[in-house]
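Okay, so here's the structure we're looking at.
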Amino acid sequence: MTFRGRAGLVIGAAVLAGAAAAPSAPRQVVTGPVAVYWVSAQTNSGFGAMNAGGGRPSLASIMGGMRGGNVTRMLLLQLGSSQKPTGAPAADHLPPQGLGAGPDLPLVTPVQQSAPTIREEPGAPSQYQKPRGRMLIFWGCGEHARPGQPVVIDFAKVAEGQMPPAFAQMMRGLNITPMQPPSPSRNATYGEWPNARARTSVPANGSLIGDHVVRGNYSPEIRFSLGQDQDFMPPFDLTSNAKLASGAMQLAWRPVRSAQAYAASTMGSDGNETMVMWSSSELQSLMFALPDFLRPEDIQRLVAQKALLAPATTSCAVPKEVVDAAPQSMFNLVAYGPEANFAFPARPADPKVAWNIAWQVKVRYRSATSGLLGMASPGMGDDEDAPPARPGQPKPKPAKPKAGDILKGLGLPFPG
């Protein structure tokens, strides 16, 4: 070995030795949080808003949902703490006046009830009936379905253990990391709103903007403020829900403020024993199983994979083959929103100083609408500035299906 080679080895060994001897950066000690508080804010319109209060929807509510006139704003408040109270748990959320749901939203701790014992009466076993019918699964925006569609699920064959290979591919999932909100099983003490004790609801014009305070006997006091860009997401404003010349159905909407991604889907039937499901995903996956809320990193990944529609998207065509297979269908549109996260105290800049977190708050957002595929809402397409469904072509005339027939075909209640 030459002198230069030996020198290089020595220098390299010295560099490695120095790196090994260099002390690693101190790792900050993090404790807590003592309390976690999640605010889930949803804006629903169309059919999704017609039954927000529970119970059977009225005829007026159903017709309002069909016309797209219903809008509701819903909150789910969940407080979890590692502390236990000395007495009965009690906590309250004091919202800004603009929310319109009252000055005090009590966070009630659910009472754990044991499951009732079910006694089986002796008797002859019920006769087994072989399931009938099938499900057709389509995916992807476009006037026509892609090659290889649909995946057909025969319920009788599934009962015999015969699953189509394509369905196995769908079942692999989208690698979504489940969100973990506070719950009675994850926290020593838990409270939520709405509940049986508080009958108030958020009006359609309710606002989250302003100061929020959460107080309880099992949690440190929580204070956070939401600004103009952290209010409820607006409802969907559809610009098209009509059949194209190709026979496909065009869904189009104006951009929803702060939307990070969109998803569209339909569910319908041929009126007999065939169910038809479609999603806007470019991936062959069961997008129908998506949770209501997604982590921001999952949203970004799914948009990159084209499983979710990018936030700049404002239209999607339901393929003709889907429309032909299910003349009676409902559509669902979802806009996934951002998150607002708060923590107290703020994280110390010095890593040598421990970060003892008293509380953390997460506010997450969503907007959704649903309705009958092909039934336009009032004023849809009346805006001269709204772009046509397809550039260079006149806006198509919306189809006019009979409401009662479609609702009954979908198995929905239609009061007489």
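Accessible surface calculations at 1.4 Å, restricted to protein heavy atoms, place region 267-360 at 45 Å² per residue. Using the average count of surrounding beta-carbon atoms within 10 Å as a protection proxy, the listed peptides 82-95, 135-148 rank, highest first, as 135-148, 82-95. The packing ranking, built from the mean of other Cβ atoms within 10 Å per residue, places the peptides 322-334, 241-253 in the order 322-334, 241-253, highest first.
Note on region 175-229: with neighbouring protein chains present and a 1.4 Å probe, carbon and sulfur make up 47 percent of its accessible heavy-atom surface. Stokes-Einstein diffusion of region 272-317 at 25 °C, 0.890 mPa s viscosity, Kirkwood radius from Cα pairs, rounded to a whole number: 203 µm²/s.
Say R0 is 25 Å: what FRET efficiency, to the nearest 0.05, do residue 341 and residue 83 get from their beta-carbon distance? Efficiency computed from Cβ-Cβ geometry: 0.70. With the biggest extent put first, the Cα atoms of region 183-326 measure 61, 35, 33 Å across the principal axes.
Compared with the alpha-carbon gap, the fully stretched path from residue 295 to residue 177 is longer by 41.7 nm at 0.36 nm per residue. Other residues whose C-beta falls under 12 angstrom from the C-beta of residue 205 contribute a net charge of 0, scoring Lys and Arg +1 and Asp and Glu -1.
Annotation: extensible slack from residue 146 through residue 254 equals 36.2 nm (criterion: 0.36 nm per residue apart, minus Cα-Cα distance).
The values are calculated or read from the model by the stated rules, or taken from the named source; none is laboratory data. Because the structure is predicted, anything quoted here is derived from the model rather than measured. No Cβ is skipped: glycine too gets one built from the backbone with ideal geometry, and neighbour counts run over all protein chains shown. These accessible areas exclude ligands, DNA and RNA; they are computed on the full protein's heavy atoms, side chains included. Shrake-Rupley method; radii C 1.70, N 1.55, O 1.52, S 1.80 Å.
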